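Structure, as structure tokens:
The values are calculated or read from the model by the stated rules, or taken from the named source; none is laboratory data. Just so it is clear, the structure is predicted and the values come from calculations on it, not from any experiment. Don't worry about glycine lacking a Cβ; one is built from the backbone with ideal geometry, like all the others, and counts go over all protein chains shown. Each accessible area value is taken on the protein alone, full model and side chains, heavy atoms only, with ligands, DNA and RNA left out. Shrake-Rupley method; radii C 1.70, N 1.55, O 1.52, S 1.80 Å.
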Amino acid sequence: MWLHFFLFGTLYLAIIYIPGLLISRAIRLRVDLALFAAPAVGIACYAILFILFGMMGVACSLGSCFPTILIASLVFLVIGKRFFGTAEFDGGIALSPHRVLLIGAVYIIISSLLCFFLFYRRFQDPSFMIQGFDTLYHVNLVRSFFDSQNFSSLTASLYQSGLSPFSQSSGGFYPSAWHGLCALALEVNSEELNIAANALNYVFAAVIYPSGIFLLLLQLLKKQEGLSCYIAGAFLSICLFAFPWAMLLRGEQFPQFSSFALLPLVVSLAVMTLDSKRWKERLAFIFASLLGCISLVLLQTSSLFALFIFVSAYITHCVYQRCNMRGRRFALGVVCVVLVVLGLVWLVCYKMPFMRSLVEFEWPGTMGFKEAIISVLLFSFSADVPFQPLLSIALVVGVVCVVKNRKGFYLILPWLFFAMAYIASVSSDGTHVKHILGGFWYTDPARLGALTCIASIPILCIGFDAMLQKTASLVHQKSLIIPAIVSTVFCAAVIALPALTMSTNASKSFNGVICQSVDELIGSGDAGIYSINEKAFVARALEEVDNDSVIVNCPDDGSAFAYADDDANVLYRRNYADAKGESLDSKIIRHNLKNIATNESVQSIVERWNIRYVLQLTNSDGKGAFHTYKLDDWDGIQLINDSTEGFRVVEQEGDMRLYEIIE
């Protein structure tokens, strides 16, 4: 099984990086830079192709999409070389390509090992899936994409194939580049959706994210002397619990996780665009940045606003640098004007009608104002997450160094913004400040905590580098041995040493929280919304069911996962009870199927829809179901029992039943 996990990972690397590298080379990015930029370019190309194929009615598959993009990339490579000439654009990176690739490999190796052994290896089985509420939507959308061979973000729907409970098409815009990539990989083995999804997340966590962080540090810390700062980043970027670990443990925000993982790379491309001197160089980086923005939008649109914050901070830096020649006061005045303009752009986006459902979403506060500040400073963005005081020290030293040098305030601004947004979100309810600052991320403390951590990495590296330089001077050692050793020890200490948490006086370690959380999620055979025992029961039940017959189910009891896991023809693939567009026939089934023996309307719908089976995985009390379960929504299904007229027990175990509808 683990072999399949790594084969899926290798496949993702190939289909993402090969076309991305070719196109990046076509616009004459230096070879090392082209390799790092490849995911931002490659993912956008696939997302655009999925939309074009959907509009033209062309079936999406690995055999159609990869060759199309590969051929287009080769053609673009030839055209690009003729247009841009032989010159190569290095993005202002002072290090040689060999050294960049070498340090980048260190980032990837460290992240790959830690992500695998601290998290994925703990699963024991790579097909294990953390079953959050949104997980159901994401895995079922992948299955719907694969079955329909339509991966377009413009028409995304769980019912692109099979019977739909909606009176009209439920498809619409949803950023689904992650789902499309996962559906592509299913061509290799359509029965291993969970393994394919886990492998894709692993690629984002272990390869794309650390390499993006390295490229971001190369851009933001150009003035930093020596390599120790970059080496520190390889360890520090993976030591922050809120990202990637907390989002991996949450398990249900795959598109958001992938877009956050890509964010540092796109920020670095935007910075290169602003720093470009020659017009062809600027054109090349504008093109790469535009594709990066498309990737973010079609992975998870809200990440585009995080990009806006990072780029806005750097724009103020550029404006100050250029205006400072006319005096400090003049420069500060212009910066203030720029900030006002950027703030107005933010407010205009906030007021857009199509943004209302996003920015007005209310995530309830969970702690007081003082506790929120403490959690930010101690990198504990959840009540059960241990404090990370070692990182706090590096942060304080980094801030002091930036303030002392008076040259890197733009590094602090994104961290300060996301920290304030997190504090407002977690410590208040219903306030305008909460929604203006954090509304583009659903005012979700977890997402804002993740962004705060990502934004803190450059500051942490500056602070840690200052401590490394001090250590090296004390031992009279200026080689890279000291930074490597100290960084390794620091990383091990952050991961292994216990610390207090916000919720209890008990001490927990970084590694301990991960292991405990994964073990609790795996649990016993009865653990989870769709437990191991329930999966086994469904597998046996499906042996009794023909592929064409429709199975009626209550999705909140976990049975909706059977569509993603086993391609079961279940009617309800998510809880859409009384959702806009639900058909009258669907409502009749939900409320009156139990009366099939006497209700002619039910009989007519059952015959017309070819419904032959009813699947139940929990009692009508909803124990073990999702939080959205209400008996009143599903009484026509959940109140069926062994004595209900018109139904025959086909398979049973405990509370689980498969009924056949009999005439």
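Picking from ALA541, ALA560, which residue would you name as being under 30 Å from the mean Cα position of the chain (by Cα), aliphatic (A, V, I, L, M), open to solvent by less than 20 Å² (accessible area, probe 1.4 Å) and modelled with pLDDT of 90 or more?
Working: ALA541 fails: under 30 Å from the mean Cα position of the chain (by Cα).
None of the other options fit; the residue is ALA560.
Can you tell me which residue in the stretch 241-277 is nearest to the chain's Cα centre (by Cα), limited to those that are within 19 Å of VAL139 (Cα to Cα) and among the hydroxyl-bearing types (Ser, Thr, Tyr)?
So in the stretch 241-277, the residues within 19 Å of VAL139 (Cα to Cα) come out as 247-259.
Add one more test, that the residue is among the hydroxyl-bearing types (Ser, Thr, Tyr), and what stays is 258-259.
Working: SER258: 3, SER259: 5 Å.
Once the filter is applied, the top-ranked residue is SER258.
Go through the stretch 333-387 and give me each residue that's surrounded by fewer than 18 Cβ atoms within 10 Å (Cβ to Cβ), outside any helix (DSSP H, G or I) and either of a type in the set (Ser, Thr, Tyr) or at pLDDT 95 or above (or both).
Answer for the stretch 333-387, where residues must be surrounded by fewer than 18 Cβ atoms within 10 Å (Cβ to Cβ), outside any helix (DSSP H, G or I) and either of a type in the set (Ser, Thr, Tyr) or at pLDDT 95 or above (or both): just THR366.
Yes or no: LEU35 touching a residue at least 60 places away in the same chain (Cβ under 8 Å), out of contact with any Asp or Glu (no Cβ under 8 Å at 6 or more places or on another chain) and of a type in the set (A, V, I, L, M)?
Values: touching a residue at least 60 places away in the same chain (Cβ under 8 Å): yes; out of contact with any Asp or Glu (no Cβ under 8 Å at 6 or more places or on another chain): yes; of a type in the set (A, V, I, L, M): yes.
The answer is yes for LEU35.
Please go through (1) outside any helix (DSSP H, G or I); (2) closer than 22 Å to ILE48 by Cβ; (3) among the aromatic types (Phe, Trp, Tyr) for PHE204 and return the number of the only condition it doesn't satisfy.
Failing condition for PHE204: (1).
Among (1) open to solvent by less than 10 Å² (accessible area, probe 1.4 Å); (2) in contact (Cβ under 8 Å) with a residue 24 or more places away in the chain, there is one condition ALA156 misses while meeting the rest; what is its number?
(2)
Report the residue count in the stretch 42-60 for those that are β-branched (Val, Ile, Thr) and either outside any helix (DSSP H, G or I) or open to solvent by less than 10 Å² (accessible area, probe 1.4 Å) (or both).
Step one: of the stretch 42-60, the residues β-branched (Val, Ile, Thr) are 43, 48, 51, 58.
Checking which are either outside any helix (DSSP H, G or I) or open to solvent by less than 10 Å² (accessible area, probe 1.4 Å) (or both) leaves us with 43, 58.
Looking only at that region, the number is 2.
Considering only the stretch 127-144, I want to know if a residue exists there that is modelled with pLDDT of 95 or more, open to solvent by 40 Å² or more (accessible area, probe 1.4 Å) and not small (Gly, Ala, Ser).
Looking through the stretch 127-144, none of the residues is modelled with pLDDT of 95 or more, open to solvent by 40 Å² or more (accessible area, probe 1.4 Å) and not small (Gly, Ala, Ser).
Restricting to the stretch 618-663, and then to whatever is in contact (Cβ under 8 Å) with a residue 40 or more places away in the chain and of a type in the set (S, T, N, Q), can you tell me which residue is surrounded by the fewest Cβ atoms within 10 Å (Cβ to Cβ)?
This residue is THR628.
So which residues in the stretch 66-104 are of a type in the set (A, V, I, L, M, F, W, C), open to solvent by less than 20 Å² (accessible area, probe 1.4 Å) and farther than 26 Å from TYR12 by Cα, if there are any at all?
Once the filter is applied, which keeps residues that are of a type in the set (A, V, I, L, M, F, W, C), open to solvent by less than 20 Å² (accessible area, probe 1.4 Å) and farther than 26 Å from TYR12 by Cα, the stretch 66-104 yields PHE89, ILE93.
So GLY63 passes all but one of these: (1) surrounded by 14 or more Cβ atoms within 10 Å (Cβ to Cβ); (2) of a type in the set (Gly, Ala, Ser); (3) out of contact with any strand residue (DSSP E or B) (no Cβ under 7 Å at 6 or more places or on another chain). Which condition number does it fail?
(1)
Give the residue that is most open to solvent (accessible area, probe 1.4 Å), with candidates limited to residues of the stretch 281-297 that are among the aliphatic types (A, V, I, L, M) and over 15 Å from VAL311 (Cβ atoms). Reasoning before the result, please.
Our first condition is that a residue be among the aliphatic types (A, V, I, L, M); within the stretch 281-297, this holds for 283-284, 286, 288, 290-291, 294, 296-297.
Okay, now just the ones that are also over 15 Å from VAL311 (Cβ atoms), so 283-284, 291, 294.
Working: LEU283: 69, ALA284: 0, LEU291: 16, ILE294: 46 Å².
Here the answer is LEU283.
Of everything in the stretch 534-586, what is closer than 25 Å to ASP632 by Cα, not in a loop (DSSP other than H, G, I, E, B) and not acidic (Asp, Glu)? Give them in sequence order.
The answer is VAL538, VAL550, ILE551, VAL552, ASN553, PRO555, PHE561, ALA562, TYR563, VAL570, LEU584, SER586.
Which condition does ILE108 not pass, out of (1) in contact with a Ser or Thr (Cβ under 7 Å, 6 or more places away or on another chain); (2) surrounded by fewer than 20 Cβ atoms within 10 Å (Cβ to Cβ); (3) not in a helix (DSSP H, G or I), if it passes all the others?
Answer for ILE108: the failing condition is (3).
Of the numbered conditions (1) assigned to a loop (DSSP other than H, G, I, E, B); (2) over 21 Å from ILE662 (Cβ atoms); (3) at pLDDT 90 or above, GLY622 satisfies every one except a single condition; which is it?
For GLY622, the exception is condition (3).
Mind checking whether some residue in the stretch 256-272 is part of a helix (DSSP H, G or I), open to solvent by less than 10 Å² (accessible area, probe 1.4 Å) and either over 17 Å from PRO210 (Cα atoms) or of a type in the set (D, E, K, R) (or both)?
Looking only at the stretch 256-272, we keep the residues that are part of a helix (DSSP H, G or I), and these are 256-272.
Now restrict to residues that are open to solvent by less than 10 Å² (accessible area, probe 1.4 Å): 256-269, 271-272.
Checking the rest, the ones that are also either over 17 Å from PRO210 (Cα atoms) or of a type in the set (D, E, K, R) (or both) come to 271-272.
Checking the stretch 256-272: at least one residue is part of a helix (DSSP H, G or I), open to solvent by less than 10 Å² (accessible area, probe 1.4 Å) and either over 17 Å from PRO210 (Cα atoms) or of a type in the set (D, E, K, R) (or both).
Please find, among PHE128, PHE117, PHE123, PHE133, the residue that is out of contact with any Asp or Glu (no Cβ under 9 Å at 6 or more places or on another chain) and under 23 Å from ALA177 (Cα atoms). I'd like the intermediate steps shown before the answer.
Working: PHE117 fails: under 23 Å from ALA177 (Cα atoms); PHE123 fails: under 23 Å from ALA177 (Cα atoms); PHE133 fails: out of contact with any Asp or Glu (no Cβ under 9 Å at 6 or more places or on another chain).
Unique residue meeting the criteria: PHE128.
Pull up the stretch 397-431, narrow it to residues that are touching a Ser or Thr at 6+ places or on another chain (Cβ under 9 Å) and of a type in the set (Gly, Ala, Ser), then point me to the one that is most open to solvent (accessible area, probe 1.4 Å).
Among those that are touching a Ser or Thr at 6+ places or on another chain (Cβ under 9 Å) and of a type in the set (Gly, Ala, Ser), it is SER427.
For LEU21, only one of the following conditions fails: (1) under 19 Å from ASN201 (Cβ atoms); (2) open to solvent by 20 Å² or more (accessible area, probe 1.4 Å); (3) free of Cβ contacts under 8 Å to residues at least 40 places away in the same chain. What is its number?
Answer for LEU21: the failing condition is (1).
Mind counting the residues in the stretch 165-189 that are open to solvent by less than 50 Å² (accessible area, probe 1.4 Å), part of a loop (DSSP other than H, G, I, E, B), in contact with a helix residue (DSSP H, G or I) (Cβ under 9 Å, 6 or more places away or on another chain) and without any contact (Cβ under 8 Å) to a residue 60 or more places away in the chain?
Final tally of qualifying residues: 1.
Here is a check on your reading of the model: is LEU22 among the aliphatic types (A, V, I, L, M), modelled with pLDDT under 95 and either touching a Pro at 6+ places or on another chain (Cβ under 9 Å) or assigned to a helix (DSSP H, G or I) (or both)? Write out each step before concluding.
Values: among the aliphatic types (A, V, I, L, M): yes; modelled with pLDDT under 95: no; either touching a Pro at 6+ places or on another chain (Cβ under 9 Å) or assigned to a helix (DSSP H, G or I) (or both): yes.
It is false that LEU22 is among the aliphatic types (A, V, I, L, M), modelled with pLDDT under 95 and either touching a Pro at 6+ places or on another chain (Cβ under 9 Å) or assigned to a helix (DSSP H, G or I) (or both).
State all residues of the stretch 635-663 that are polar (S, T, N, Q) and not in a loop (DSSP other than H, G, I, E, B); if no residue qualifies, say none. Walk me through it before giving the result.
Kept after step one, since they are polar (S, T, N, Q), are these residues of the stretch 635-663: 638, 641, 643-644, 652.
Within the stretch 635-663, GLN638, GLN652 qualify.
From the list GLY132, GLY180, pick out the single residue that is within 28 Å of ILE238 (Cβ to Cβ), in contact with a Gly (Cβ under 9 Å, 6 or more places away or on another chain) and not hydrophobic (A, V, I, L, M, F, W, C). Even if it seems obvious, please write down each step before you answer.
Values: GLY180 fails: in contact with a Gly (Cβ under 9 Å, 6 or more places away or on another chain).
From the options GLY132, GLY180, the qualifying one is GLY132.
Determine if the stretch 221-244 includes at least one residue that is closer than 22 Å to TRP178 by Cα and surrounded by fewer than 19 Cβ atoms within 10 Å (Cβ to Cβ).
No.
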